[in-house]
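Asks: Mind looking over this structure? Questions follow.
Just so it is clear, none of the values below were taken in a lab; they were calculated from the coordinates. Worth saying up front: this structure is predicted, and the values here are computed from it rather than measured. Cβ placement follows ideal geometry from the backbone for every residue including glycine, while neighbour counts extend to all protein chains displayed.
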Amino acid sequence: MSNDDAARPTIMMLVRHGQTPTTGRVLPGRAPGLHLSERGREQAEAVAERLAGVPVSAIYTSPLERTRETAAPAERAAGLTARTEEGLTECDFGDWTGRELAGLAKLPEWGTVQRAPSSFRFPHGESFSHMQARAVDAVDRLREAHPGGVVLCFSHADPLKAVLAHALGTHLDLFQRIVVDPCSVSVIVHRPGQAPSVARVNSTDGPLAPLVPS
């Protein structure tokens, strides 16, 4: 690492995967076999186009198919191969995996999920607190591995919202107020010796190069 790298900010670009056939209807969780829809593939290509002029240092992705497929156009555009990072994977929804959101919303536990998620653990699954801890740890490790660089992290809505809440200094119980749409890009800037700054949340259009200091 050069002195210039140590002085430059490290840019973490957090990308939610693109739309799938079940987006907004089902809680897919970590179940295998869910791929991008045609619209999702178009969204992934658009992300790659938005990255024009961005000096990407590394690309990391959740191990699930929908995130790896979303990262593929960015890999080609940047000339890099994405590495799998388990810490970026979706929340383990346990017994709720694969269930329709409309039905889950009728459960009494749904109110806790929305208003006090820090106290909730999915039946036979993961707690939101654990999800946030491992996602934040993963992003921190990747940031430290690429000082002064631009790192793309392809993940899922809940882990990304939890990471953003942490960067904003917001309690986990409020993280559901953050919106992260399919293929949106959120940007956290880490400057040496300073608290992180959140430069963008849920950005879905426009070039991303202006967010990277020259």
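Asks: With only alpha-carbon pairs counted, each pair once and no self-pairs, how large is the Kirkwood hydrodynamic radius of segment 1-83 in angstroms?
Replies: Details: mean 1/r = 0.0714 Å⁻¹.
Averaging 1/r across every pair of different Cα atoms and inverting gives 14.0 Å.
Asks: Mind jotting down the three principal axis lengths of the chain based on Cα atoms? Whole angstrom, largest first.
Replies: 53, 38, 26
Asks: With r defined as the distance between the Cβ atoms of THR84 and HIS124 and R0 fixed at 22 Å, what FRET efficiency is calculated, to the nearest 0.05? Walk me through the numbers before you get to the answer.
Replies: Working: r = 24 Å, r/R0 = 1.11.
The value I calculate is 0.35.
Asks: Which of THR89, PHE122, PRO108 sits farthest toward the positive end of the charge dipole of segment 81-130, with +1 on the Cβ of Lys and Arg and -1 on the Cβ of Asp and Glu?
Replies: It is PRO108, whose Cα lies furthest towards the positive end.
Asks: Can you compute the FRET efficiency between ALA209 and ARG76 using 1/(1 + (r/R0)^6), with r the Cβ-Cβ distance and R0 = 22 Å? Round to the nearest 0.05. Walk me through the numbers on the way to the answer.
Replies: Values: r = 18 Å, r/R0 = 0.80.
The pair ALA209/ARG76 has a calculated efficiency of 0.80.
Asks: Given the -39500 (n - 2.57) contribution per DSSP H run of 4+ residues, what per-residue ellipticity at 222 nm results for the chain, rounded to the nearest 500 deg cm²/dmol? Provide the component values of the computation, followed by the final result.
Replies: Values: 7 runs with 73 residues, N = 214.
Dividing the helical sum by the residues of the chain leaves -10000 deg cm²/dmol.
Asks: What size of dipole, in debye to the nearest 20, comes out for segment 3-209 about its Cα centre when the only charges are +1 on Lys and Arg C-beta atoms and -1 on Asp and Glu C-beta atoms? If you can, show how the numbers build up before the last one.
Replies: Values: 22 positive and 24 negative charges, 59 e Å.
Around 280 debye, computed over segment 3-209.
Asks: Order the peptides 27-34, 55-62 from the highest to the lowest mean number of other Cβ atoms within 10 Å of their residues.
Replies: 55-62, 27-34
Asks: Let me ask something additional. Could you tell me the calculated FRET efficiency between ALA195 and LEU101, based on Cβ-Cβ distance and R0 = 30 angstrom, to the nearest 0.05?
Replies: Efficiency computed from Cβ-Cβ geometry: 0.30.
Asks: Further question on the same structure: Going by how many other beta carbons lie within 10 Å of each one, how would you line up CYS153, CYS91, fewest first? Show your work: numbers first, answer last.
Replies: On the way: CYS153 29, CYS91 25.
By the 10 Å Cβ count, ascending: CYS91, CYS153.
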